[in-house]
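Bear in mind that the values in this text are calculations on the coordinates, not laboratory data. What you see is a predicted model; the values in this text were computed from it and never measured. Heads up, the Cβs are rebuilt from the backbone with ideal geometry, glycines too, and the neighbour counts pull from every protein chain shown.
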Amino acid sequence: MTSTTALVSENESPYQVESRREIIALLRNLQESNQLITMLINEGSEVVITAILKVDDVNNTLVLDSAASDSTSQRVVSGKRVFFEAALNKISIKFSSNSLSLSNYSGRPSFTCPIPTTMIRLQRRENYRIVTPVTNPIYCVVTLLEEDGGGTVKLPLSDISCGGVSLMDEKHKLSTEFGTIYANSKIDLPGLGMVSVNLQVRNSQNLELKNDKVSRRIGFQFIDLPNPVMSQIQKLITKIERERNSRQTGLGS
């Protein structure tokens with residue numbers, strides 16, 4: 001099993017939550033804040049985006065939004081084990097289930113599973129990753145490899161940390177081979193300017209979106225990131241987080 005699908009690693013086991021009361025509270029926070037949840041199926045080779053529709057503690061069930069297509073939903077419920085990953089106020093939330101079933105919630109297709117008995121609640125202070133805005137995307141101009149014809153391609157960020165970025169490669173322009181380096185690429189940090197980065201491929205996942213399109217998210221690690229650039233990225237992360245918190249508390253525009 002790959003590290004992306006391991007629910008509890010040696011480093012994460014101290015953060016395991018077994019309190020039913022706390023687990024239900026975390027799930028309800030995810031629901032109320034409309035957080036997207038990543039479902040990893042087929043040993044992490046396929047990713048489905050979902051969200052919590054209902055936390056029913058009386059019947060001990062968790063109801064989640066269905067996949068974009070019936071065929072994908074069938075693959076989800078027929079899989080041996082499904083892993084879930086989400087982020088809530090800097091905290092990584094992970095859990096799994098091996099008993100998902102198809103259901104119907106308020107007239108819409110859904111998944112139902114038992115409320116998990118354990119979760120991982122992990123706050124990583126180093127290289128905290130934040131999802132970038134969808135309405136005002138942040139872009140990275142990637143310098144393509146000479147063997148692929150050279151030139152550049154402009155791709156939106158999915159998330160960013162001081163350790164790396166994830167890019168959405170809808171047209172599959174980039175290599176997904178582990179370790180591939182895209183040097184001399186540039187990220188346009190809103191309000192902070194353009195910074196140069198060297199990107200190394202670490203992982204990739206195909207994402208089936210609600211519009212039935214299949215996109216690709218590629219995770220990159222920064223290579224030899226200068227301290228001034230790291231400082232600029234940290235400023236951006238802080239800015240995004242502050243604006244997001246303002247909107248959630250009703251203080252923003």
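Structural remarks
- Separation between Cα centres of the range 76-115 and the range 176-210, rounded to whole Å: 29
- Angle of helix 227-248 to the longest C-alpha principal axis of the chain, folded into 0 to 90 degrees and rounded to 10: 40°.
- With K and R counted +1 and D and E -1, the other residues having a Cβ less than 14 Å from that of residue 114 yield a net charge of +1.
- Take every pair of alpha-carbon atoms less than 8 Å apart whose residues are at least six positions apart; their mean separation over the length of the range 130-248 yields a relative contact order of 24 percent.
- Normalised radius of gyration (Cα atoms, divided by 2.2 N^0.38 Å) for the range 3-123: 0.99.
- Convex hull volume per residue for the range 62-103, taking Cα atoms only, in Å³: 80
- Computed over the range 35-88, Kirkwood Rh from alpha-carbon pairs, angstrom: 11.8
- Distant alpha-carbon pairs in the chain (separation over 28 angstrom), percent: 38
- Taking the chain and dividing mean pair separation by its residue count, relative contact order in percent (alpha carbons under 8 Å, at least six apart): 15
- Charges were assigned to the Cβ only: +1 to each Lys and Arg, -1 to each Asp and Glu. The resulting dipole of the chain about its Cα centre is roughly 620 debye.
- Cα radius of gyration and Dmax for the range 132-253 (Å): 15.0, 50
- For residue 80, a cut-off of 19 angstrom between C-alpha atoms picks up these lysines, skipping any fewer than 8 places away in its own chain: 94.
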